[in-house]
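Notes to accompany the following structure.
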Amino acid sequence: MSSQPFSAVTLARVLRPHGLRGEVAADILTDFPQRMSTLRQVWLRDASGVVKPVALLSCRIHNGQAIFHFESYHSIDEAELLRGCEVQIPLSDRVSLAAGQYFVTDLIGCDVYESGAATPLGRVRDIQPIGEGVAGTPLLVVETPASPGGPAGESPLRPRSRSSCRGRFCTQEARRSPCAAWPSTGPACGAT
């Protein structure tokens, strides 16, 4: 067994058994749910962090949830064991994005600059979705350094469109790209 941690992207989180034959219903956590039906193998991460590969027999979307049927799970009792598990794929198997689009996971840890500034305003610590069913770009939670006479803190920023974007991101490898390249319809959240 490899000593390196499994670098993965979570596609869905199992909620409960679905039906009588071992299927489970899951919350969809990807912007690319149509891709899940083409997968033949996924990894299940349980609450303790244990990850195991499992063959995917089928996946379909029903009432806004993913319905998975995994190999070796053929009853309600067996499906119940999957409650709370995350359905994952290796990070290397994410879909390719168009130029100028970024996965949320790639923004975490990036420095944020105000236009024309030489020093960063802060670093992206998290992404806050603006609410289920609400169109728009999620908020970036930016951890700011302590200013003279003031405490360190965090500030949510909201790059909304090319015209209203006032900062820019610098990746951890020190490559700069304007945040105006952030898609105006929202980022590629979920990162698959």
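No value in this document is a laboratory result; all are computed from the given coordinates. As the structure is a prediction and not an experimental result, all values here were calculated from the model. When we count neighbours, we look across all protein chains shown, and the Cβ atoms used for this are built from the backbone with ideal geometry, even at glycine.
Observations on the structure shown:
- Over segment 1-135, the alpha carbon radius of gyration divided by the compact-protein estimate 2.2 N^0.38 Å works out to 1.25.
- Treating r as the C-beta distance of residue 57 and residue 7 and R0 as 25 Å, the FRET efficiency rounds to 0.50.
- Local net charge near residue 93, Cβ-Cβ under 14 Å (Lys/Arg +1, Asp/Glu -1): +3
- Pairwise Cα inverse-distance average, inverted: Kirkwood Rh of segment 26-76 (Å): 11.8 Å
- Here the dipole of segment 1-133 is about 220 debye; that uses its Cα centre as origin and unit charges on the Cβ of Lys and Arg (positive) and Asp and Glu (negative).
- Contact order normalised by residue count of segment 8-93, Cα under 8 Å, 6+ apart, percent: 44 percent
- Using the Cβ-Cβ distance between residue 48 and residue 125 with R0 = 25 Å, the FRET efficiency computed as 1/(1 + (r/R0)^6) comes to roughly 0.45.
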